[in-house]
Amino acid sequence: MNYDTVIIGAGLAGLTTACHLAQAKQKVALMSTGIGSLVLASGCIDVLGFQPAASQQPVINPAKQLGAFLTEQPEHPYHHLGQAKIEASLGAFLELVEGYEGSFDKNWLLPSTAGAVHPTCLAPKALAQGELSQGGSMLIVGFKELRDFYPSLISHNLNAQNLGVQSEAITIDAPPPLRERMNITPIELAHAFEQAEFRQQIVTEIRDKVKNCNRVGFPAVLGLQQHATVLADLERQLGRTVFEISTLPPSVPGRRLFEQLRHYFLQHGGRLTIGSKVVDGTIESGRVSQIRIETASRLQAIKAQNYILATGSIFGGGLQTDNEGRVWEAVFNLPIEHETNRHAWFDKGFLAPQGQPVARYGVQVNDRFNPVNSQTEPLATNLHAVGGLLANSVWTQGRTGDGVAVATAWRVRELLG
Ligand SMILES: Cc1cc2nc3c(=O)[nH]c(=O)nc-3n(C[C@H](O)[C@H](O)[C@H](O)COP(=O)(O)OP(=O)(O)OC[C@H]3O[C@@H](n4cnc5c(N)ncnc54)[C@H](O)[C@@H]3O)c2cc1C
């Protein structure tokens, strides 16, 4: 079967591109080995969180601070986009998903799982309701069985920062059937929250404590498919605004976002294959002619007019490395500028303010997001690279990883749709 576009990779960049192109009535296939970093990250869309990038100074208005960020980061992929395209991409993203709130000119300031401030541009309603600049009092609720979420740590750190919120904490036993389990995951808790009886027991346990506060914060586990019902029911029973705080992975809001995008893509006629590795692609006379995927018995060729490479960085599998200091792009073997001395890949400080050098490695592109060679000539005019695979897209530097994914996806839609 011939497609208009084949997309490789089902992370935020690949899935968002797939939704936009399917919405534009293209015949689109998306092939991916896995579901990417969506289930590891917060489920929010961080576009520009910190400026200077290495500072701890949260950005209040990303649109206003973008210019200063670009001056400081002259090689960042945002240079291929500019302010108007980033802004348009956020509007287009909000049309794909339900329940997200926000805009380019205001960051939400949300409590993180460590009680720090997480500045983010678009957030699901339940997380956005934790906005810290609103002030007031909040109760943070946790569960003994959810080992990686510490309400007292969050509360202590929020209070210590003098943000204008007064926070209290409570840790309770999860109701049966999760009670006294050694370790439960956010996904298990999210399923349990979809049971009315489970919620009822939690409400009974915290009702007295809730009386002293305006808002109640839970770990981000308030349901998966029935999230809106769970949130509304808790708010009704507690008589308070309820909000979610991101957890360590797996991320329930990330999983909800994946499901929303997947559903949108399928509803618009897309073909999605998760579990298929794209092993190689052929570039002939300046165009990609095919890619090949692994199937149970053989390699299968897939052909399309255009190809989108959304395979992420080293973490996603888009870049491969070896112990001889080689770094290569996994599907087309695109050129990757890198040090061959592996000691130069890493800074001595794990949390070095300028980030790890290896995180800068990636595919160089032109303004049409075609991969280019060292003379900046496009290697294939029908191949476009998006998201975390791009060179100098270091998400820890200014928290721009999701913004790059969403904005490059929209740019490709403009170019091909
Ligand atoms: C733990 C963690 C926390 C993060 N937190 C933040 C944050 O707070 N703020 C922020 O801005 N950014 C954050 N990021 C970064 C952000 O999530 C990514 O930059 C962004 O989502 C880019 O996603 P992507 O789609 O380009 O790549 P990925 O999400 O990595 O997806 C790559 C996809 O390609 C597929 N793939 C790879 N190779 C092949 C192949 N050969 N064949 C088929 N499929 C293939 C993978 O299976 C996967 O589906 C975080 C990332 C991680 C890992």
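The values are calculated or read from the model by the stated rules, or taken from the named source; none is laboratory data. Since we're looking at a predicted model, the values are computed, not measured. So basically every Cβ, Gly included, is an ideal-geometry build from the backbone, and we count neighbours across all protein chains shown. Protein only, heavy atoms only, side chains kept; ligands, DNA and RNA dropped before computing areas. Shrake-Rupley method; radii C 1.70, N 1.55, O 1.52, S 1.80 Å.
Mind listing whichever residues of the stretch 129-154 are among the hydroxyl-bearing types (Ser, Thr, Tyr) and either in contact (Cβ under 8 Å) with a residue 60 or more places away in the chain or open to solvent by less than 10 Å² (accessible area, probe 1.4 Å) (or both)?
SER137
Taking the residues in the stretch 381-391 that are assigned to a loop (DSSP other than H, G, I, E, B) and more than 18 Å from GLU337 (Cβ to Cβ) as candidates, determine which candidate is farthest from the ligand (Cβ to nearest atom).
THR381
Would you confirm, using the coordinates I've provided, whether VAL59 is under 30 Å from PRO250 (Cβ atoms) and either among the acidic types (Asp, Glu) or touching a helix residue (DSSP H, G or I) at 6+ places or on another chain (Cβ under 8 Å) (or both)?
Criteria met by VAL59.
Can you tell me which residues in the stretch 392-406 are under 14 Å from VAL365 (Cα atoms) and either open to solvent by 10 Å² or more (accessible area, probe 1.4 Å) or near the ligand (Cβ under 6 Å from one of its atoms) (or both)?
Listed by number, the residues that qualify are ASN392, SER393.
Check ALA53 against each of (1) more than 10 Å from the ligand (Cβ to nearest atom); (2) open to solvent by 20 Å² or more (accessible area, probe 1.4 Å); (3) part of a loop (DSSP other than H, G, I, E, B) and name the one condition it does not meet.
(2)
For PRO378, work out the one condition from (1) more than 14 Å from the ligand (Cβ to nearest atom); (2) at positive phi it doesn't fulfil.
Here PRO378 meets the rest and fails (2).
Anything in the stretch 22-38 that is part of a helix (DSSP H, G or I) and open to solvent by less than 30 Å² (accessible area, probe 1.4 Å)? List them, or say none.
ALA22, LEU38
Restricting attention to the stretch 367-380, report how many residues are part of a loop (DSSP other than H, G, I, E, B) and over 20 Å from GLY14 (Cβ atoms).
6
Just one of the numbered conditions (1) open to solvent by less than 10 Å² (accessible area, probe 1.4 Å); (2) within 27 Å of ASN107 (Cα to Cα) is not true of ASP46; which one?
Only one criterion in (1) open to solvent by less than 10 Å² (accessible area, probe 1.4 Å); (2) within 27 Å of ASN107 (Cα to Cα) is unmet by ASP46, namely (1).
Which members of the stretch 282-322 meet the condition of being among the aliphatic types (A, V, I, L, M), open to solvent by 30 Å² or more (accessible area, probe 1.4 Å) and in contact with a strand residue (DSSP E or B) (Cβ under 7 Å, 6 or more places away or on another chain)?
Of everything in the stretch 282-322, those that are among the aliphatic types (A, V, I, L, M), open to solvent by 30 Å² or more (accessible area, probe 1.4 Å) and in contact with a strand residue (DSSP E or B) (Cβ under 7 Å, 6 or more places away or on another chain) turn out to be LEU299, ALA301, ILE314.
Return the only residue of GLY43, GLY14 being in contact with a Pro (Cβ under 8 Å, 6 or more places away or on another chain) and modelled with pLDDT of 95 or more.
Of GLY43, GLY14, the one residue that is in contact with a Pro (Cβ under 8 Å, 6 or more places away or on another chain) and modelled with pLDDT of 95 or more is GLY43.
Restricting the search to the stretch 1-21, which residues are more than 12 Å from the ligand (Cβ to nearest atom) and either without any contact (Cβ under 8 Å) to a residue 24 or more places away in the chain or in a loop (DSSP other than H, G, I, E, B) (or both)?
Result: MET1, single match.
Could you tell me which of the residues ALA88, ALA114 is open to solvent by 10 Å² or more (accessible area, probe 1.4 Å), among the hydrophobic types (A, V, I, L, M, F, W, C), farther than 21 Å from GLY43 by Cβ and within 20 Å of the chain's Cα centre (by Cα)?
ALA88 is the lone residue from the list that is open to solvent by 10 Å² or more (accessible area, probe 1.4 Å), among the hydrophobic types (A, V, I, L, M, F, W, C), farther than 21 Å from GLY43 by Cβ and within 20 Å of the chain's Cα centre (by Cα).
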